[in-house]
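What follows draws every value from the coordinates through simple rules; no lab data is involved. Because the structure is a prediction, the values reported are computed rather than measured. Here Cβ is always computed from backbone atoms with ideal geometry, including for glycine, and neighbour counts include all displayed protein chains.
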Amino acid sequence: MAAGGRAAVSQILRNKDDVGEEEDEPKKKSREDWRKAKELEEARKAGTAPAAVDETGKDINPHIPQYISSAPWYYGTAGPTLKHQRPQEDKEGSFTRLDTYYHKGVDSTKLATKYRKGACENCGAMTHQKKDCLDRPRKIGARFTNAGIAADEFAQPNLNLSYDGKRDRWNGYDPSQHKAIIEEYQKVEDAKRELRAKKLEQDPTATEDDDNAEEDEDKYVDEVDMPGTKVDSKQRITVRNLRIREDTAKYLRNLDPNSAYYDPKTRSMRDNPNPEVNESDYQGENFVRFSGDTRGHAAAQVFAWEAQARGLDVHLLAEPTKLQLLQRQYHDKKDHFKTQVKQSILEKYGGEEHLAAPPKELLLAQTEVFTRYNRDGTLVQGPEKQLAKSKYEEDVLINNHTSVWGSYWREGQWGYKCCHSFIKMSYCVGEAGKSVVLDVPEEKAASSVATVQEHIEKKEKEKEKSDKASSSSSSSSESSSSDSEQEIRSKTEKTSKKKKNKKKSKKKKKKELKKKKVEEDKLKKALKLEERSQKRADYLLSMDERKRPYNSMLEVKAPTEEELEAYQMKKRREEDPMSQFL
């Protein structure tokens, strides 16, 4: 039933002065009014009373529920209506009409001869930039050559297409374009007529049947349907039949009534009609049904049943992942056990060399690919494998090198494989460069060892001379030396020893101080280097990774103790709450 007239609150307040105090609020319906309204609703549903009419004169279906037919209180309706359920005009968008024509493609009437500022650097068109260009990337763009400037695309209007407009195949089509197609076909027909007239002039005995022979072949091509298709002109769709007429029917493959059952309703034959034939064209529909993952699913179901019979709580549908893992573990253990048994038999009896035979393709040396070669080994006929090339330069050899940079690596450095040179733009010297690079460190080591040995030999000779001098002086001294002289000598020796010990201790202290200074200097240098490296790392991380440099000449060496200590001192500890206040 349609709702009665409901006035908005604002409308009631606005008309408060005009309406008397008795009519400020709508009158409540009495029990008799409710009963009459109910009877009218039932009569309208039964069809004995006329239906309610809206403001436009249309009948309102009495079977529409009340929560749909009754308008909101703020809508301000004066009678029964369904306008609030229809699309509102103020909320509907304005779309472009489907018959609006606009140009597509490029404007070939205006062609530029020079590059214009702001145009595409690749093709020279003004309607797009280089990153949006769909032409082939030129080696030298139109900006520098001023040649081959592409035509500009048509400036498209601001189209606001609806759902149907975006999917309309004739959207933006100009019907006048069809005239050009008709004119083209007319020209072809005129040319054919001229050719026929010329043939008749040259050979008057020729008939028109010979001229129209080619036309008759293609005349009814469009009317011929594909086998197995049915074109319905009313629905304008192509319906595929269940069987192509050229195929043999399933029930004709074996005429024995006791053979595979044929269901005429579904036109299906599930079993193989000729099971005794190994290689037949048709093996039944069950052959297709039990292919793919259906066998794996059936095997998983059987495995679940066997596992439940042995006490495992597994279900295929409830826990498919658990069942799959158990099945995989079972197969792995089974394969492992088989390999163990096989290996034990081979270790006991031998004969492993007979199992490691090459494949049949290598033994028979047969292949279906036909290739033909010359005597020098070049390919004459046959497919030759083409290697995919990158758009970057590859195998570019410079400075007499026979290998590229980066083909050799040693002790953290990249170089050339042909001469073992670690300098990128160096000149190749061939095998001589390899010997020089390998012999230099050995010569240095030999020279350092020789210098150390010479230094040790000199010290030994000096000691021998001092020992001989002391022994000769002691022998030439008089045997009649007194005890007092011996005491004096002993005292002087003690004092000299003390002095020597003091000097040695002073020297040790000086050495230790020097060592400490050297270590402190090294630590300061390492701290400075660590600060620089951290700053550089922060700078590189803040950069775009595509523009980040790569240093291939960086030496990769083990860090020293000072560098490790500096790293530990400068290391960022994110878990430390006081790290932000340092």
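In Å³ and rounded to a whole number, note down the convex hull volume per residue for the Cα atoms of segment 279-436. Kindly include the intermediate steps, with their values, before the conclusion.
Details: hull volume 69.4 nm³, N = 158.
Dividing the Cα hull volume of segment 279-436 by its residue count gives 439 Å³.
When each pair of different Cα atoms in segment 279-326 is counted once in the 1/r mean, what is the Kirkwood radius in angstroms, to one decimal?
12.3
Whole-Hz Karplus ³J(HN,Hα) for segment 192-203, in order, using 6.51 cos²θ - 1.76 cosθ + 1.60 and θ = phi - 60°, x for Gly and Pro?
Rounded to whole hertz, the list is 5, 5, 4, 5, 5, 5, 5, 5, 5, 5, 6, 10.
Given R₀ = 41 Å, FRET efficiency for residue 184-residue 92 by Cβ-Cβ distance, to 0.05?
Efficiency for this residue pair is about 0.40.
Can you give me the C-alpha center-to-center distance between segment 62-129 and segment 259-326, rounded to a whole angstrom?
55
How high is the relative contact order of segment 30-188, given as a whole-number percent (alpha carbon pairs under 8 Å, six or more residues apart)? Please list the in-between numbers first.
Numbers: 163 pairs, mean separation 30.3, N = 159.
Result for segment 30-188 is 19 percent.
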